Amino acid sequence: MEQLEQLATKRLGRTFLYFASIHSTNTYLKEQGAQLPDGTAVVAGHQYAGRGRQGKAWQSSEEALALSVLLKGVPPYLMQMLPILFGIGARRALSLLCGREILLKWPNDLLLGEKKIAGILCESAGFGEDALAVCGIGVNLLQEPSFFAELPYGSSLWVECGVRVSPAVAGGAILTAFEQVLEEFAAGGFSPLREEYAACCINLGREVRVVTPAGEQTGFAYGIGEDGCLLVKAPAGELAIRSGEASVRGVYGYV
Ligand code: BTN
């Protein structure tokens, strides 16, 4: 890939690096970010140590997008919102490209037909003035059903929608939408974006299983808080979930 396509940004992706093969685009930006300009985007054809949330591995192939973008000078209140804001941007871009409404599973799995088509990993590195944020996304684009033989809850845009979106187009469109969401957040705060997020959040109105310091609990997810947390009514009281997973009954094999 020479460059990203459909990129209409002022900040994100203006510096662009492509690696045919690399350990992980997120790891690369965490290691090299101090020397790179704000907004640098990295795409890999193949990651041999791709990382997912909660210490899991992330499988990627040439038929998928593996993209990370570097943000510098991010204040703490924005840092904690990045997973949600990146999810909103990626969802907007990919929904337009595939012509279907993609749903979000809190905090930021992207779902089509209750199958995961993309995952997001936002990380931070460094301290004080050197602090940087890295937002990474893996999108299953062109893989055939056989790729998911051992990943029963995963799927691709091709399998679910019959559209062939290239990594270059998906990457450019996602960065463009993410920059727009960051600008909207800076101008108007989270309230309008919270409504958009809640309208496509598959957890809401359903029974969820969450892991809290007090152990695993089951409850009813009823809202998104002002900082992007998931609000859950559980038998032991109301919970505001800010980390981990919220399994949804009926999704990913949770019965
Ligand atoms: C998840 O759902 O667990 C998050 C998956 C994030 C994968 C992407 S691929 C590009 C970037 N580099 C990585 O090592 N991980 C993220």
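Against the definition (touching a residue at least 60 places away in the same chain (Cβ under 8 Å), away from the ligand (no atom under 16 Å from the Cβ) and of a type in the set (A, V, I, L, M, F, W, C)), how does Leu70 come out, yes or no? In short, no. Residues in the range 89-105 that are among the hydrophobic types (A, V, I, L, M, F, W, C) and open to solvent by less than 10 Å² (accessible area, probe 1.4 Å): Ala90, Ala93, Leu94, Ile102, Leu104. Inside the range 28-46, residues that are within 13 Å of the ligand (Cβ to nearest atom) and either more than 18 Å from Gly171 (Cβ to Cβ) or surrounded by fewer than 19 Cβ atoms within 10 Å (Cβ to Cβ) (or both) make up a count of 4.
Please verify whether Gln80 is at negative phi, more than 14 Å from the ligand (Cβ to nearest atom) and not basic (Lys, Arg), treating the condition exactly as stated. Criteria met by Gln80. It is to be established whether one or more residues within the range 116-125 are crowded, with 24+ Cβ neighbours inside 10 Å and closer than 19 Å to Glu144 by Cβ. There is at least one residue in the range 116-125 that is crowded, with 24+ Cβ neighbours inside 10 Å and closer than 19 Å to Glu144 by Cβ. Among the residues examined, Ala49 qualifies as more than 15 Å from Gly171 (Cα to Cα), among the aliphatic types (A, V, I, L, M) and either crowded, with 17+ Cβ neighbours inside 10 Å or within 15 Å of the ligand (Cβ to nearest atom) (or both). Filter the range 145-158 for residues that are in a helix (DSSP H, G or I) and open to solvent by 60 Å² or more (accessible area, probe 1.4 Å); which is nearest to Ile117 (Cα to Cα)? Taking the candidates together, the pick is Trp158. Considering only the range 56-73, I want to know if a residue exists there that is in contact with a Ser or Thr (Cβ under 6 Å, 6 or more places away or on another chain) and open to solvent by 30 Å² or more (accessible area, probe 1.4 Å). Checking the range 56-73: not a single residue is in contact with a Ser or Thr (Cβ under 6 Å, 6 or more places away or on another chain) and open to solvent by 30 Å² or more (accessible area, probe 1.4 Å).
For the subset of the range 52-64 comprising residues that are part of a loop (DSSP other than H, G, I, E, B) and near the ligand (Cβ under 9 Å from one of its atoms), which member is nearest to the chain's Cα centre (by Cα)? Ranking the qualifying residues of the range 52-64, first place goes to Gly52.
Residue-wise test of (1) outside any strand (DSSP E or B); (2) closer than 30 Å to Val232 by Cβ.
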| position | (1), (2) |
| --- | --- |
| Glu101 | yes, yes |
| Leu104 | no, yes |
| Lys116 | no, yes |
| Glu123 | no, yes |
| Glu129 | yes, no |
| Val139 | no, yes |
| Gln143 | yes, no |
| Glu160 | yes, yes |
| Glu183 | yes, no |
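For the structure I just gave you, tell me whether Ala44 is in contact with a helix residue (DSSP H, G or I) (Cβ under 6 Å, 6 or more places away or on another chain), in contact (Cβ under 8 Å) with a residue 40 or more places away in the chain and under 30 Å from Glu129 (Cβ atoms). Considered against the rule, which asks whether it is in contact with a helix residue (DSSP H, G or I) (Cβ under 6 Å, 6 or more places away or on another chain), in contact (Cβ under 8 Å) with a residue 40 or more places away in the chain and under 30 Å from Glu129 (Cβ atoms), Ala44 comes out as no. The residue pairs whose first member lies in the range 10-28 and is in contact (Cβ under 8 Å) with a residue 60 or more places away in the chain, whose second member is β-branched (Val, Ile, Thr) and within 15 Å of the ligand (Cβ to nearest atom), and whose beta carbons are closer than 6 Å, counting only pairs six or more residues apart or on different chains, are Leu12/Val69; Thr25/Val42; Asn26/Val134. Only one of the numbered conditions (1) farther than 27 Å from Asp227 by Cβ; (2) modelled with pLDDT of 95 or more is violated by Glu2, and that is (2). Residue-level check: of (1) away from the ligand (no atom under 16 Å from the Cβ); (2) out of contact with any Cys (no Cβ under 8 Å at 6 or more places or on another chain); (3) in contact (Cβ under 8 Å) with a residue 40 or more places away in the chain; (4) not charged (D, E, K, R), Ala168 misses just (1). The residue that is surrounded by the most Cβ atoms within 10 Å (Cβ to Cβ), among those in the range 171-212 that are without any contact (Cβ under 8 Å) to a residue 60 or more places away in the chain and in contact with a helix residue (DSSP H, G or I) (Cβ under 8 Å, 6 or more places away or on another chain), is Leu204.
The values are calculated or read from the model by the stated rules, or taken from the named source; none is laboratory data. The structure presented is a predicted model; accordingly, all values stated were derived computationally and were not measured. As a convention, Cβ positions derive from the backbone with ideal geometry for all residues, glycine included, and neighbour counts pool all protein chains shown. Keep in mind that these areas ignore ligands, DNA and RNA; they rest on the heavy atoms of the full protein, side chains included. Shrake-Rupley method; radii C 1.70, N 1.55, O 1.52, S 1.80 Å.
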